[in-house]
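Heads up: the structure comes next, in C-alpha cells.
Every read-out reported here was derived from the displayed coordinates using simple, explicitly stated rules and does not represent laboratory data. As the structure is a prediction and not an experimental result, all values here were calculated from the model. Please note: Cβ atoms are built from the backbone with ideal geometry, for glycine as well, and neighbour counts cover all protein chains shown.
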Amino acid sequence: MPEFKVFLSFSVSSLKHVLLFINCNKKRSNFTIRLYVLLIMIRRIFLFIVVFSVAHFVNGQNAELVKLEKLKAEIVGPSDQILVYNFWATWCAPCVKELPLFEKLNEDNKEVKVTLVSMDIDLDPNPAKVYKFVDRKKIQSRVIILDAVDPNSWINQIDKNWSGALPATLIINTKTGERKFINNALKDGELETLIAEIKS
Amino acid sequence: MKLSNSLLTFCLTLLFFAGSPVKKGYDVGDTAIDFKLKNVDGKMVSLANYKEAKGFIIIFDCNTCPYSKAYNDRIIALSKKYSKDFPLIAINSNSGEDSSGDSFEDMIKYAKKKGYDFPYLVDATQEIAKTYGATNTPHIFVLNKEQGNLKVAYIGTIDDNPRNAKSVAKRYVEDAVDALIDGKPVATTKTKAIGCGIKWRDA
C-alpha cells in the first residue's frame with residue numbers, strides 16, 4: 001500500500017505544522033512568524049492533496065503501453081508458462097462479456113500467463129478509457145495497451161488466421177512452439193480445454 | 001404435420017452440418033454470387049439490377065460498431081464518388097437479436113439519419129456474409145464485372161487510418177476501384193484491419 005504510506009507521512013507532518021501554528025498563536029509570537037507558519041501549513045495541505053490524488057491516479061493506470069516489437073518478442077518466449085493473449089477493446093461488447101473467463105483462468109491456473117491486450121488506441125489515441133475500465137472492473141490479469149499503427153502491416157505477424165476482428169485469443173506453448181488461435185468469443189470451459197490440449 | 005416438421009428440422013440440421021465447415025469465403029480472383037436482399041426502403045436489391053455498372057463496392061457494415069461509425073462519412077463519400085461505375089452496396093449481416101441496435105427497424109432509422117443514397121440491405125440468414133467470407137464490420141469486397149462474371153478484385157479495409165480521415169496515407173478501396181476503371185491491375189488486393197466481428201447467430 002504505497003498510497004497509505006504517503007497518506008500517513010503527510011498526515012503526520014501536516015499535523016506537526018498545525019500544532020506549531022496553534023502553539024505560536026498561544027505564545028502571541030510576532031505576526032510575521034505566525035503568517036509564515038500559516039503559509040507553510042497551507043502549502044503542506046495543498047501538496048498533500050496533489051500528491052494523494054496523483055498517487056491514486058497512478059494506481060489506476062496499471063495498463064502498460066506496449067510497442068508491437070515488444071509484444072512480438074514476448075510471444076516467441078521462451079516461457080515456463082502457457083501464454084494466453086486476449087485481444088479486446090473497451091467498446092467491444094462480446095470482448096467485455098468474455099473477460100471474466102480470462103480473469104478466472106488467471107486466478108485459478110498459475111501455469112498460465114494471461115495478458116489482456118487492449119486494441120483501444122487503434123481507434124482512439126487517448127488510453128484514459130482503458131485505465132478507467134481496468135480500475136472500475138478491478139481487472140487482476142495483466143493488461144497491456146498495444147501501441148501500434150497500420151494494423152494491416154502487422155495483423156498477420158501476430159497470427160495469419162486473424163481477420164482483425166475482436167475478440168481474438170492466442171494460446172502459445174513456447175516450449176513446443178504449438179499455437180492456437182480463436183477468432184471469436186469463447187464459451188465457458190473452452191479456454192480450459194484448449195489449454196489442456198496445448199499443454200500435453 | 002408434427003412429423004413433417006421434425007423431419008424438416010432434421011434435414012435442415014443435416015444440411016447445416018454437411019455444408020458449414022468447408023467454406024472459408026472468397027479469395028481475390030474468385031467469382032462472387034449475386035444476391036437478392038431486402039433494402040431499407042422495403043424493395044429487394046440484386047446486383048443484376050445494375051446493368052450499366054462496371055463492378056461493385058460491397059460493404060459488410062452495421063449500425064453499432066465504432067469502426068463502422070468512424071468510417072461512415074468515408075463510406076458515404078465513396079458511394080458519391082463511384083455511384084456510376086462502381087455502385088456501393090452496404091449489407092448488414094449482424095444478427096439483430098444478438099446485437100441490439102442492429103435490427104431491420106434500426107437500419108431504416110440509421111440510413112434515414114445518415115442520408116444513405118445507396119442500398120443498405122439486411123442479410124437476415126447471414127448466408128451472404130458466410131459465402132463471401134466477411135468477418136468484420138466494415139469489411140469491403142470490390143467486385144469487377146468480367147465477361148458477365150463478378151470477379152473479386154479486392155478484399156479488406158477502406159484505408160489505413162480508422163482514427164482520422166485526414167491522416168490517411170493509403171486509400172486501398174479507392175486505389176483498387178481507380179485501377180479497375182483504368183483497366184490496370186489492382187496493386188494491393190488484400191488488407192486487414194482491426195474491427196468488430198460480425199455478430200453471428202448462435203448455431
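Before moving on, here are some points about what is shown:
- Charge dipole (Cα centre; +1 on Lys/Arg Cβ, -1 on Asp/Glu Cβ; no other charges) of the range A:64-199 amounts to roughly 120 debye.
- Across chain B, the relative contact order, built from alpha-carbon pairs under 8 Å that are at least six residues apart, equals 25 percent.
- Tilt relative to chain B, helix B:172-181 - C-alpha long axis, 0 to 90 degrees, to 10: 80
- Among the listed pairs A:K67/B:K199; A:K97/A:K129; B:K54/B:K80; B:K38/B:K114; A:K160/A:K187, a Cα-Cα separation exceeding 25 Å is found for A:K67/B:K199.
- Applying Stokes-Einstein at 10 °C and 1.306 mPa s to the Kirkwood radius of the range A:64-199, computed over alpha-carbon pairs, gives a translational diffusion coefficient of 106 µm² s⁻¹.
- Extending 7 Å from Cα along the Cβ direction at A:R179 and again at B:E105 yields two label points whose distance is 4.5 nm.
- Averaged over peptide B:158-169, the number of partner chain Cβ atoms lying within 10 Å of each residue's Cβ comes to 2.
- Here the range B:25-197 is assigned +1 on the Cβ of each Lys and Arg and -1 on the Cβ of each Asp and Glu. Its dipole about the Cα centre then comes out at about 460 debye.
- For A:E178, nonlocal amide neighbours, meaning residues 5 or more places apart or on other chains whose placed amide H falls under 5 Å from its own, are A:N173.
- When Rg and the Kirkwood radius Rh are both evaluated on Cα atoms of the range B:143-189, their ratio Rg/Rh stands at 1.05.
- On full extension, the segment bounded by B:V168 and B:K24 gains 48.8 nm, given 0.36 nm per residue less the C-alpha separation.
- Whether the range B:38-90 is rounded, prolate or oblate, judged on the alpha carbon gyration tensor where a/c under 1.5 counts as rounded: oblate
- Peptide B:135-148 - average C-beta neighbours from other chains (10 Å radius): 1
- Cα-derived Rg over Rh, computed across the range B:25-197 with Rh taken as Kirkwood radius: 0.93
- In degrees, nearest ten, helix B:66-82 long axis to first principal axis of chain B (Cα): 60
- Of all DSSP bridge pairs formed entirely within the range B:139-203, close to 90 percent run antiparallel.
- Overall dimensions of the range B:57-131, expressed as equivalent-ellipsoid semi-axes from the Cα gyration tensor (√(5λ), whole Å, largest first), are 20, 14, 10.
- Histogrammed with a bin width of 10 Å, the alpha carbon distances of the range B:114-203 distribute as 14, 39, 37, 9, 0 percent, first bin at zero.
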